[in-house]
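Right, one structure below, let's go through it.
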Amino acid sequence: MYSDVKINMPDEILQKMQFEGNIFSTAKTDVIITGFSEQNGGDHILRIYQLSYNHFTNTHDFVQELEAFSFGTHKDLVDFFDKLPQLNGIEMLMLLNPISLNNTSFN
């Protein structure tokens, strides 16, 4: 279920959300980013969590939720999650800080 990685997540996440996959950090080998999804009305929500390796239990333990993204379809959610490791820092900053084109002063 978790790509042969033992993870320790809060029960409420495991019970109400669907596992989407793990992203393994190339910078820190003891950190995993994992994605879980849920549907809220017509929105498909992707929640991104940080896990850290616990050398005593040999599991990756929940650390924190990093971000949540909303999509119109589950396919869009999966496509985004698949592309997430290839996003550069600038692209991620723009995703985390979206602007409304109606409220900008750009000409």
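Throughout, read-outs are computed from the coordinates displayed, never taken from laboratory work. As the structure is a prediction and not an experimental result, all values here were calculated from the model. With ideal geometry, Cβ positions are generated from the backbone for all residues, glycine too; neighbour counts draw on all protein chains shown.
I want to confirm something. Restricting to the range 26-80 and keeping residues that are of a type in the set (Phe, Trp, Tyr) and surrounded by 12 or more Cβ atoms within 10 Å (Cβ to Cβ), which single residue is farthest from Glu12 (Cα to Cα)? Before the answer, list the steps.
In the first step, residues of the range 26-80 are kept if they are of a type in the set (Phe, Trp, Tyr); the result is 36, 49, 53, 56, 62, 69, 71, 80.
Still in the running and surrounded by 12 or more Cβ atoms within 10 Å (Cβ to Cβ): 36, 49, 53, 62, 69, 71, 80.
Details: Phe36: 12, Tyr49: 14, Tyr53: 21, Phe62: 12, Phe69: 19, Phe71: 22, Phe80: 24 Å.
This residue is Phe80.
Of everything in the range 42-67, what is out of contact with any strand residue (DSSP E or B) (no Cβ under 8 Å at 6 or more places or on another chain) and more than 25 Å from Asn97 (Cβ to Cβ)? Give them in sequence order. Break it down into steps so the answer makes sense when it comes.
From the range 42-67, those out of contact with any strand residue (DSSP E or B) (no Cβ under 8 Å at 6 or more places or on another chain) are 42, 55-56, 58; that's our starting set.
His55, Phe56, Asn58 - these are the residues of the range 42-67 that are out of contact with any strand residue (DSSP E or B) (no Cβ under 8 Å at 6 or more places or on another chain) and more than 25 Å from Asn97 (Cβ to Cβ).
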| Taking the condition surrounded by 17 or more Cβ atoms within 10 Å (Cβ to Cβ), in contact (Cβ under 8 Å) with a residue 24 or more places away in the chain, of a type in the set (A, V, I, L, M) and farther than 19 Å from Gly72 by Cα, does Ile23 pass? | no
